[in-house]
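Q: Just dropping this structure here.
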């Protein structure tokens, strides 16, 4: 039987192929909602034991209950804030303790405030870089060495299509995520021979709270700007993340995969 989709979506989850990761252990950061939760859903449906984190205990509890209802894979909720390097490291340490180790890291976090060059003070760049670059570096520093020692691991970072095509009015995000992509590519090359793959997934416009906040709650214009004419769904995005964590994706590393409904239009 195909499990039901997320609450209020009206959409069933599609049947999934065996990704060869049942019984693996995953830490999914910032997964109480949005794309992080979509990734956690997909992994749980594939039999992965998952630790998810969020800042709001009530929202995190709802996410854990939903994930647990899918019936496969154990689910652990960790109250934490991955917007700082200390918080990011602490989440991976706690997830490792809860799961007994981490085979899969899905690095994710909120985006920095909107703004352009003229309206963004120099002091805003440091916190943005910590949030959208250094926090993921901290997660990798903690999670990747044990993966290398075991000879198997998957790192998937959720970044943004702005890495390929900067989004007007998001100069902090554009800057930080571009730097993170450089780090991930370098890391991928260094750990490839150890059985660890490192990739990033670049979401375009998906129906999330982050997008709603940027558009004042009205997503009509956002949907119209996507070539498909509709916004992405977190569950579809999560399926891409899960595939990159799969055994079948063992030969994909150092990739930055756009999931944007065709919004990025250049040839390369």
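Q: Counting residues that are surrounded by fewer than 21 Cβ atoms within 10 Å (Cβ to Cβ), modelled with pLDDT under 70 and out of contact with any helix residue (DSSP H, G or I) (no Cβ under 7 Å at 6 or more places or on another chain), which helices (runs of 4 or more DSSP H) fully inside region 161-244 reach at least 1?
A: Counting at least 1 such residues, we get 209-214, 220-224.
Q: Kindly indicate which of 43, 67 is touching a strand residue (DSSP E or B) at 6+ places or on another chain (Cβ under 8 Å) and either surrounded by fewer than 24 Cβ atoms within 10 Å (Cβ to Cβ) or closer than 20 Å to residue 249 by Cα (or both).
A: Unique residue meeting the criteria: 43.
Q: Looking at region 92-101, which of its residues are buried (at least 24 other Cβ atoms within 10 Å of the Cβ) and either without any contact (Cβ under 8 Å) to a residue 24 or more places away in the chain or in contact with a helix residue (DSSP H, G or I) (Cβ under 7 Å, 6 or more places away or on another chain) (or both)?
A: Within region 92-101, just 92 meets the criteria.
Q: Select, from 156, 93, 137, the only residue that is at pLDDT 95 or above and within 13 Å of the chain's Cα centre (by Cα).
A: 156
Q: Of everything in region 92-141, what is part of a loop (DSSP other than H, G, I, E, B) and within 15 Å of residue 184 (Cα to Cα)? Give them in sequence order.
A: Scanning region 92-141 gives a single hit, 108.
The values are calculated or read from the model by the stated rules, or taken from the named source; none is laboratory data. This is a predicted model, so every value here is computed, not measured. Reconstructed Cβ throughout: ideal geometry from the backbone, glycine too, with neighbour counts over all protein chains shown.
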